[in-house]
Amino acid sequence: MSSKVVPFLLIFVILICFVLSSQSGFTKSSQNETFPNYLKYYDDFLVGQFPKHFRWGASTSSYQIEGGWNEDGKGESIWDRFVRKVPSPIADGSNGDVACDSYHKFSEDVQLLKKMKEALELKGGWLNEDLIQHFSNFAYFAFETFGDRVKTWITFNAAYSICQYGYGFGSLAPGIVDPAEKPYVCGHTVLKSHALAYRLYESVFKPIQNGRCGMTMFTTWYEPGSDLSEDIAAAERAMNFELGWFTNPIISGNYPDVMLEYVGRKSNQEGLTKSRLPIFEVKWQIALKGSWDFLGINHYTTSKSLNGIKFHIIVSFFYCNTCNLVTIC
């Protein structure tokens with residue numbers, strides 16, 4: 001392969017690490033008791049090996065390598081706009097205006113390296129379901145143009161991060177802060193976009209290109225903080241709200257039952273006429289169910305879950321009655 005050729009699709013890296021936390025205390029809000037030294041609840045690190053068929057990979061995003069941020073009429077990406085906020089949301093005030101400068105080094109791949117246009121974000125971004133068709137059009141172009149060489153397609157990488165941190169916390173582009181509602185709207189649009197792109201590939205391109213299409217998830221692994229039944233349930237709930245949010249729909253056609261229950265109940269308590277978690281129409285449930293040939297996982301760390309715990313750094317993100325340290329409702 002020529003050194004000038006940049007692969008369109010890089011298999012996403014799976015980074016596995018384990019959290020070592022300092023001995024700081026926190027409060028179990030449901031019982032108002034101090035819970036210090038939660039390191040003692042970690043099991044000993046288990047050393048083993050991955051199976052021979054396990055596949056490691058590496059990945060990047062366009063903004064991390066592309067550069068050329070204001071050239072040739074490209075238009076702003078959501079990250080170009082995000083890093084120019086005052087004060088800067090980036091700790092050292094840096095940006096990706098040049099990055100690895102692959103825009104100039106690999107001009108033949110510029111269409112593949114572009115990120116989502118700011119122009120689309122100005123129309124609502126992933127909160128606007130018009131993006132479903134835009135994404136399908138983009139996917140068609142990619143499948144048709146590169147499908148004779150690219151045999152593994154990932155529609156979205158870490159959709160949880162896009163919606164949670166981009167439209168909830170506001171810590172990633174586009175920097176919207178609305179943790180109660182907008183992450184769910186974003187996720188709904190992303191999942192529909194994935195389903196439409198997958199079915200396009202399945203029906204039009206897969207029979208002649210013999211490739212496969214899937215989605216890559218981001219997730220922490222959650223272990224119960226104790227042997228108490230409520231903490232075991234909290235860990236399961238955390239997994240459903242993080243991994244299950246996007247995985248369950250593409251496997252079974254709908255959100256996890258616990259998400260539907262918790263968000264629906266809290267929305268009702270807030271006096272809303274409908275749940276903040278949107279409902280899939282039957283046609284979308286059918287399109288979503290089984291819309292994967294493989295499932296990718298980005299896993300960075302493991303955490304403990306305790307029923308009712310709220311850490312001060314994310315306390316504003318809790319919108320349910322009985323949560324755990326990560327569950328959003």
Amide H within-cut-off set for R212, under 5 Å, with H built and near neighbours excluded: T152, W153
Mean separation of Cα contacts under 8 Å, 6 or more apart, over the residue count of the range 170-292: relative contact order %: 29
For the range 165-309, Kirkwood radius (reciprocal of mean inverse C-alpha pair distance, Å): 16.7
Flagged links, alpha-carbon separation over 29 Å, of K206/K283; K52/K151; K151/K304; K266/K304; K85/K274: K151/K304; K85/K274
Heavy-atom accessible surface of the range 181-282: percent carbon and sulfur, 1.4 Å: 54
By average C-beta atoms within 10 angstrom, highest first, the peptides 219-228, 86-95: 219-228, 86-95
Estimated vicinal HN-Hα couplings, Hz - the range 219-230 in sequence order (Karplus 6.51, -1.76, 1.60; Gly, Pro = x): 7, 8, 9, 10, 9, x, x, 7, 8, 5, 4, 5
Relative contact order (percent, whole number), the range 111-208, Cα cutoff 8 Å, 6+ residue spacing: 33
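The values are calculated or read from the model by the stated rules, or taken from the named source; none is laboratory data. Everything quoted here is computed from the prediction, not taken from an experiment. So basically every Cβ, Gly included, is an ideal-geometry build from the backbone, and we count neighbours across all protein chains shown. The accessibility values were calculated without ligands, DNA or RNA, using every heavy atom of the protein model including side chains. Shrake-Rupley method; radii C 1.70, N 1.55, O 1.52, S 1.80 Å.
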